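Peer 1: My questions will all concern the structure given below.
Nothing in this text is a laboratory measurement; each read-out follows from the coordinates by a stated rule. Everything numeric in this text was worked out from a predicted model, so none of it was measured. Cβ sites come from the backbone with ideal geometry, for glycine too, and all protein chains shown count toward neighbours.
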């Protein structure tokens, strides 16, 4: 954290530009590959059900290593870890772009996720070091940092279409490399330095939670092939559960754990994180299968498919930045979380009625906009509630937990909906009716998850948190798309 008595850095706004760029790229890397997926599937030989691993390899590494990234930022210094994360992201992007096989592609995506897990927590720490002692400037800095995330999600969808159609799918990864070179060249001269702190790193905890998550996702993705009742499916699921259980035991016994278990006793922290988990488990499958429906059923090319998703992502960006904080201040976070998740469920239920011979204007646009409204209403207040529930000195840990929950929900939700889609016909490439039937089943399953999230939020989240506190807390964190 910054020394409040130190004079402000003269190059702090340049540094903030790099920090905002980091958040922009971290979120863009989750969305830019969506439009390129069909091209990658053909080039690298992914099966329809295994295609989701192009996304999952990134979010499993990202979500599984976020707590470790936060700990390393504290111990090694945020400046050093920020640069290390960009270097890892660049190497992963090069591997993913040059991949000639599916396994190499997934290795590159996992490296990208690991780099992002180092960048994200160190970027926020650097921002607070630069502006923590200037309250008047801190609000502006946080607003720019927060806006970078939905901007990255929007840009990723559109740029993915432009790059895939007019260059090649490989460039959705190569685009990271020149950006990383610029950041690595500029960061040493503008970022504040902090002394390393003494302490230990819970490497075993980081390994068990990441391995447990990856194993669980793998079991769910393979279940349509091996059968839900097969011994191998349940054996792999049991291994995943044991690894996650081992992580919890390790955290309970270590003096310096990645995650202090006592933090879960904070009011509303568990309920708000559950809302984030279920929201991601519903939203990401919708985004994934909507990309496939536009290209594989409606026949849109990559550029047109990316442009088709712009109204949805633009609506999210505007509503999250402009409308959501005002609604939180007026109504409080809980009503918006519940209503938002219900609207998200309604949008995906609407998408489940998409037709094999449908059109974008009728079958996609209104439903996707309703889902976007729901996501916008629910995301900001649930994130703010999670952050404002923890003690001030554990704000970083609360941030790591809620970001991890969102990424874990993304991976597990997509794995489950991929299995459902495959079981209902999405393997039949070239058969628009079968594909639509499979995608509709996934949309319906995602709608059910969002509806469960609304009910769970209504039951578990208390109304005692001050709306203004939740709104203020959300300004300190990025929106995820």
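Peer 1: Past the 39 angstrom mark, what percentage of all C-alpha to C-alpha distances in the chain do you count?
Peer 2: Working: 18340 of 115440 pairs.
When every Cα pair of the chain is considered, 16 percent fall beyond 39 Å.
Peer 1: For residue 201 and residue 460 in one chain, what is 0.36 nm times their gap in residues minus the Cα-Cα distance, to one decimal in nm? Could the numbers behind the result be given before it?
Peer 2: Details: separation 259, 0.36 × 259 = 93.24 nm, distance 3.30 nm.
Value of the extension gain: 89.9 nm.
Peer 1: Continuing with this model, one more query. May I ask you to sort 145, 293 by Cβ crowding, counting other Cβ atoms within 10 Å and putting the fewest first?
Peer 2: Values: 145 23, 293 28.
So the residues, fewest neighbours to most, are 145, 293.
Peer 1: Continuing with this model, one more query. Name the residues of region 35-61 whose amide N is less than 14 Å from a point 7 angstrom out from the Cα of residue 104 along the C-beta direction?
Peer 2: Under cut-off, by backbone N: 43-45.
Peer 1: Would you calculate the separation in nanometres between label points at residue 359 and residue 329, each defined as 7 Å from the Cα along the Cα-to-beta-carbon direction?
Peer 2: Label at residue 359, label at residue 329, 4.2 nm between them.
Peer 1: Sticking to Cα atoms, compute the Rg of region 203-253 to one decimal and its Dmax as the biggest Cα-Cα distance, whole number, in Å.
Peer 2: 11.9, 39
Peer 1: Can you give the helix-only mean residue ellipticity at 222 nm for the chain, where every DSSP H stretch with n ≥ 4 adds -39500 (n - 2.57) and the sum goes over all residues, rounded to the nearest 500 deg cm²/dmol? Present the calculation step by step, with values, prior to reporting the outcome.
Peer 2: Working: 19 runs with 359 residues, N = 481.
It lands at -25500 deg cm²/dmol.
Peer 1: Roughly how tilted is helix 53-76, in degrees to the nearest 10 and between 0 and 90, from the longest Cα axis of the chain?
Peer 2: 10
Peer 1: Still on this structure, please answer the following. Could you compute how fast region 294-370 diffuses translationally, taking Rh as the Kirkwood radius over C-alpha pairs and applying Stokes-Einstein at 20 °C with viscosity 1.002 mPa s? Give it in µm² per second. Spell out each step's value before the answer.
Peer 2: Working: Rh = 13.9 Å.
The diffusion coefficient I find is 154 µm²/s.
Peer 1: Hey, what angle do you get for helix 365-389 against the long axis of the chain, alpha-carbon based, 0 to 90 degrees rounded to 10?
Peer 2: Helix 365-389 sits at roughly 30 degrees to that axis.
Peer 1: If you don't mind, there's one more thing I want to ask. Over the C-alpha atoms of region 265-410, what are the Rg and the largest Cα-to-Cα span, Dmax, in Å?
Peer 2: Answer for region 265-410, Rg first and Dmax second: 16.5, 55 Å.
Peer 1: Would you mind calculating the gained length between residue 181 and residue 87 on full extension (0.36 nm times residue separation, minus the Cα-Cα distance), in nm to one decimal?
Peer 2: 33.0 nm
Peer 1: Would you mind ranking 12, 330, 109 so that the residue whose beta carbon has the fewest other beta carbons within 10 Å leads the list?
Peer 2: Details: 12 21, 330 11, 109 28.
Placing the least packed residue first, the sequence is 330, 12, 109.
Peer 1: Could you give the angle, 0 to 90 degrees to the nearest 10, between helix 78-98's Cα long axis and the longest principal axis of the Cα atoms of the chain?
Peer 2: So the helix axis and the longest Cα principal axis differ by about 20 degrees.
Peer 1: Among 32, 207, which comes first, then next, by fewest other beta-carbon atoms within 10 Å? Intermediate values should be presented prior to the final figure.
Peer 2: Details: 32 27, 207 17.
Result, fewest neighbours first: 207, 32.
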